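The values are calculated or read from the model by the stated rules, or taken from the named source; none is laboratory data. This structure is a prediction, so every number in the text was calculated from the model and none was measured. Every residue, glycine as well, gets a Cβ built from its backbone with ideal geometry; the counts of neighbours run over all protein chains shown. In case anyone asks, the SASA skips ligands and DNA or RNA and just uses the protein heavy atoms, side chains included. Shrake-Rupley method; radii C 1.70, N 1.55, O 1.52, S 1.80 Å.
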Amino acid sequence: MSVSLLKNKVVDLSKKAKIEIDKLPLSNTSAQVVLVLDISKSMNRLYKNGVVQNLVQRILGLAMNLDDDGCIDVILFGTRAYNIKSATIDNLDGYVDREITSKYRIVEATRYSEALNVIKDKYQNAKGDPVFVVFVTDGNNSDKRDTTNLITELSHSPIFFQFVGIGQETFPYLNKLDDLPGRFIDNAGFIKVEDIDSLDDHQLYSGLLNEFPDWIKEAKRKGLI
């Protein structure tokens, strides 16, 4: 796809995202959008066949409505976590091949807490807009205690986590996050999508944003934002 056609595609995605945003009490909401991507071994096929590249494009379309700088911060996680170059409409062409698969092996384990620690260090005390994290994984984590502790700690911060489980897993841990006790505020949502590439754009954006308005309302009431 040519660069001009790719930019047109992202603009079209941003229009679809705006339609879903306007259905919710989010039309005047700004947020820094962060995309967290699983690089465990089972994700390898989705990097090679273009599914992850397409997902980056779709999240960028959402960010163009929420994020003033029109870019998304990207974090990879597996056995460890890695901050990588932000994705923008100008560097989107070939982004996954250039910034991820050419530099990282998609063979690691699945430790959510590695990414959460990076987010804690980078955004916990950040000033300005709240942070909207789209956290994509295809597997259950091996570090549930550490993840629970971090999600609980970060409930005091202006950070909302939208977990997205893809593939055939049942994700029992992520399904329980809404009922996780001991948090200052419910700071995590979860949707499960077996085949994210075939999911309609409007359905994707609707699912990602479903719990965000309630978090915004409660975060304002409790003085987080």
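With all protein chains in place and ligands, DNA and RNA left out, the 1.4 Å accessible area ranks Glu211, Glu169 as Glu169, Glu211, largest first. The label point for Thr88 and the one for Asp68, both projected 7 Å from the Cα toward the Cβ, are 1.6 nm apart. With a simple spin-label model that places each label point 7 Å from the Cα along the Cα-to-Cβ direction, the separation between Arg105 and Thr170 comes to 3.3 nm. The trypsin sites (Lys or Arg not before Pro) of region 100-173 meeting both criteria, a DSSP state outside H, G, I, E and B (loop) and at most 13 other C-beta atoms within 10 angstrom of the site's C-beta, are Lys103, Arg105, Lys127.
Between Asn175, Asn65, Asn28, the GNM of the chain built on Cα springs shorter than 10 angstrom shows Asn28 fluctuating the most. Using Cα-Cα distances under 8 Å and only pairs 6 or more residues apart, what relative contact order does region 116-181 have, in percent? Worked out over region 116-181, it gives 43 percent.
Phi angles of region 27-41 translate, via the Karplus equation with coefficients 6.51, -1.76, 1.60 and θ = phi - 60°, into HN-Hα couplings of 4, 10, 9, 10, 7, 7, 9, 10, 10, 10, 10, 6, 10, 6, 4 Hz per residue; Gly and Pro are given as x. Note on the chain: GNM, Cα springs under 10 Å; of Asp68, Asp201, Asp179, the largest mean-square fluctuation is that of Asp179. Stretching Lys15 away from Glu218 to a fully extended chain increases their span by 70.3 nm, per 0.36 nm per residue minus the current alpha-carbon distance. For Gly167, the residues whose amide H sits under 5 Å from its own are Val193, Glu194, Asp195, Ile196, ignoring neighbours fewer than 5 places away on the same chain, with H placed 1.01 Å from N. Of Gln168, Gln124, Gln53, the residue with the greatest mean-square motion in the GNM of the chain, using alpha carbon springs below 10 Å, is Gln168. Every Cα-Cα pair of region 76-186 was included, and the share exceeding 26 Å stands at 22 percent. For region 1-156, the antiparallel share of DSSP beta bridges with both residues in that region comes to about 35%.
Which entries in Lys127/Lys220; Lys127/Lys217; Lys15/Lys127; Lys85/Lys120 show an alpha-carbon gap greater than 20 Å? Pairs exceeding 20 Å: Lys15/Lys127. The alpha-carbon positions of the chain define a convex hull whose volume is 110 Å³ per residue. Span-like helix criteria (full DSSP H runs; alpha carbon extent of at least 18 Å along the helix axis; mean Kyte-Doolittle hydropathy of at least 0.5) are satisfied in the chain by 51-66. Straight Cα distances below 16 angstrom link Lys144 to the lysines Lys176, with same-chain residues fewer than 8 positions distant left out. Couplings 3J(HN,Hα) of region 126-132, computed from phi: 5, 9, x, 5, x, 10, 10 Hz, in residue order, whole Hz [Karplus 6.51 cos²θ - 1.76 cosθ + 1.60, θ = phi - 60°; x for Gly and Pro].
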